[in-house]
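For reference, the structure is listed below as structure tokens.
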Amino acid sequence: MRNFAKSLCLWGLTASIAALVGAASASAQQIGVYAGHTADGNAISFNVVTDAQGQPALADVSIQFTAGCSQTGSSITQHWHFFFSKGLPIMNGHVKHLENNPQLHLLNSLNFNSRQKVTGTTEARLPVLVAGKPAGSVQLCTSAKQAFEATLQSDNGSPFDHPGTARLKSPERTAILEWSSEGVTHQELRAQP
């Protein structure tokens, strides 16, 4: 009976350790640069870094999307690049990035499935002027929710070492917003809430 109790305790301890190791490895994030594509073929990339507390965080997100405009039957493709100087915390293998302003509503949801693979979804809505109509004529263009997959490309990247990338200049600001449309690149400093 005593041997049975000892075996049962050992089995319980082994199962607990295995569960902890499995949970830790399932949600572990590898620091570095990830790149991939959405289901409709648009590019997505992002950097995972270690924040000031030593925890994994999202340092930037670069996303391209194609949004259909129902009023004119046309579509628009845009590229946006967001930088987060303090990082967006990755909690239990998940992080969400919401950009909600008059220029763009964008929701990115990232799930770290393994140390080198990330899956998730992205969706966007933005107002676009209607060509040939008065200045107040705006239509809503929408990129439906797209699944994406990204894999680790490099483990030594930084969002601020790419050629031509803007750098944070004001410590009171926490993000740089960069977007391009019709071949023109725009950048602005943006405080995060």
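Net length available on complete extension from N111 to N92 is 5.9 nm, with 0.36 nm assigned per residue and the Cα-Cα distance removed. Along each principal axis, taking the top coordinate minus the bottom one, the Cα set of the stretch 47-151 gives 52, 24, 16 Å in descending order.
Across the stretch 84-96, rounded Karplus estimates of 3J(HN,Hα) from the backbone phi angles (6.51 cos²θ - 1.76 cosθ + 1.60, θ = phi - 60°) give 10, 5, 8, x, 9, x, 9, 10, 6, x, 10, 8, 10 Hz, Gly and Pro being marked x.
Compute the orientation-averaged projected area for the stretch 80-135 from the convex hull of its Cα atoms and round it to one decimal in nm². Each step should come with its number before you reach the end.
Details: hull surface 21.9 nm².
Taking a quarter of the hull surface, the average projection is 5.5 nm².
Distance between the pseudo-spin-label points of A147 and A43 (7 Å out from Cα toward the beta carbon): 2.4 nm.
Computing FRET efficiency as 1/(1 + (r/R0)^6) for N101 and D155, where r is the C-beta to C-beta distance and R0 is 45 Å, gives about 0.85. Modelled this way, with points 7 Å down the Cα-to-C-beta line, the labels at A35 and R125 are 3.3 nm from one another. With R₀ set to 41 Å, the beta-carbon distance separating D51 from T77 gives a calculated FRET efficiency near 0.80.
Values quoted throughout were computed directly from the atomic coordinates according to the rules given, and no laboratory measurement underlies them. Everything quoted here is computed from the prediction, not taken from an experiment. So basically every Cβ, Gly included, is an ideal-geometry build from the backbone, and we count neighbours across all protein chains shown.
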